[in-house]
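Working notes, beginning with the structure itself.
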Amino acid sequence: MSAELVGVRVLIITSNTGVERDELVVPRDQLRARGAHVTHAAVEAIDVQTYRYDLIQSEPVRPDIALGEVDPGEFDVVVIPGGTVNADKLRIDDRARELVRSAIAGDRPIAAICHGPWLLVDAAVVTGKTLTSYPSLRTDLINAGAAWADEPVVRSDSEGWTLITSRNPDDLPDFVGAITAEFSVRTS
């Protein structure tokens, strides 16, 4: 285990179905391997059904806690995996939207991948930000006031808070690397 993220508290939030498996499991496992304390919160504290490419059912993943049990002040960064169904369910969940707003108010970065930025659109926090996502979200993000870029990872500090975004599972090395770099900068 690496020690570069020791003391960093990561919160990954999901719904209970339609989560893109690698976008949940890879950041969870790699950030833990780098020393971070990672907590996975789902809408309900029951198994999360994951998928690959939105269509191929994969193994269920047990969350650590339910979304309603989360105190956003206990975490340093919020990570939002994709999966079309996951993101669509999270974007209409009042607790998820409020958690995002609370994290931003507490100067905590948000990291979202693939369809994850849909939650940010419904939380009304993307105006003035530059980000990337799965290409089908481009119009939604632009209509919500964001600028969109087709890059593996985009870090945006505009509007007084940090947002890290990536497009899809192929970008996971860049995504996890950007989250790691964010805390290398903050702790040095």
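The values are calculated or read from the model by the stated rules, or taken from the named source; none is laboratory data. Remember, predicted model here, so these are calculated numbers, not experimental data. FYI the Cβ positions are ideal-geometry reconstructions off the backbone, even for glycines, and counts take in every protein chain you see. With ligands, DNA and RNA removed, areas are computed over all heavy atoms of the protein, side chains included. Shrake-Rupley method; radii C 1.70, N 1.55, O 1.52, S 1.80 Å.
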For this session: Report, in whole Å, the centroid distance computed from the Cα atoms of the range 91-127 and the range 5-63.
Result: 17 Å
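What number, in percent, do you get for the relative contact order of the chain if the mean sequence gap of Cα pairs under 8 Å and at least 6 apart is divided by its residue count?
Details: 449 pairs, mean separation 36.0, N = 188.
Computed value for the chain: 19 percent relative contact order.
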Seminar exercise, completed: Long-range amide H partners of Asn168, meaning residues 5 or more apart or on another chain whose placed amide H is closer than 5 Å, are Cys114
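Using +1 on the beta carbon of Lys and Arg, -1 on that of Asp and Glu, and nothing else charged, what's the dipole of the range 1-110 about the Cα centre, debye to 20? The partial results should precede the final answer.
On the way: 13 positive and 19 negative charges, 28 e Å.
Once rounded to the nearest 20, the dipole reads 140 debye.
Given a 1.4 Å probe, how much area per residue of the range 9-152 is accessible, in Å²? Write out the running numbers ahead of the final one.
Working: 5780 Å² over 144 residues.
On a per-residue basis, the range 9-152 sits at 40 Å².
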Seminar exercise, completed: The answer for His40, listing residues at least 5 apart or on another chain whose modeled amide H is closer than 5 Å to its amide H, is Ile12, Asp64, Ile65
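How many percent of the accessible area of the chain is carbon or sulfur, using a 1.4 Å probe?
Working: 3870 of 7920 Å².
Ligands and nucleic acids excluded, carbon and sulfur reach 49 percent.
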Seminar exercise, completed: Taking placed amide H atoms and a strict 5 Å upper bound, the residues 5 or more places from Thr50 or on another chain that come that close are Ser58, Val61
Seminar exercise, completed: Diffing the range 30-37: the Karplus 3J(HN,Hα) column from phi (6.51, -1.76, 1.60, θ = phi - 60°), in whole Hz with x for Gly and Pro, holds 6, 5, 4, 5, 8, x, 6, 8
Exercise. Taking every pair of alpha-carbon atoms in the chain, what share in percent sits in each 5 Å bin, from 0 to the bin with the longest distance?
Worked result: 1, 9, 19, 24, 23, 16, 7, 1, 0
For this session: Quote the accessible area belonging to Arg91 in square angstrom, nearest 10, computed with a 1.4 Å probe and with ligands, DNA and RNA left uncounted.
Result: 40 Å²
Exercise. Each residue of the range 67-83 in turn: what ³J(HN,Hα) in whole Hz from Karplus with 6.51, -1.76, 1.60 and θ = phi - 60°, glycine and Pro shown as x?
Worked result: 3, x, 8, 7, 9, x, x, 8, 10, 9, 8, 10, 10, 10, x, x, x
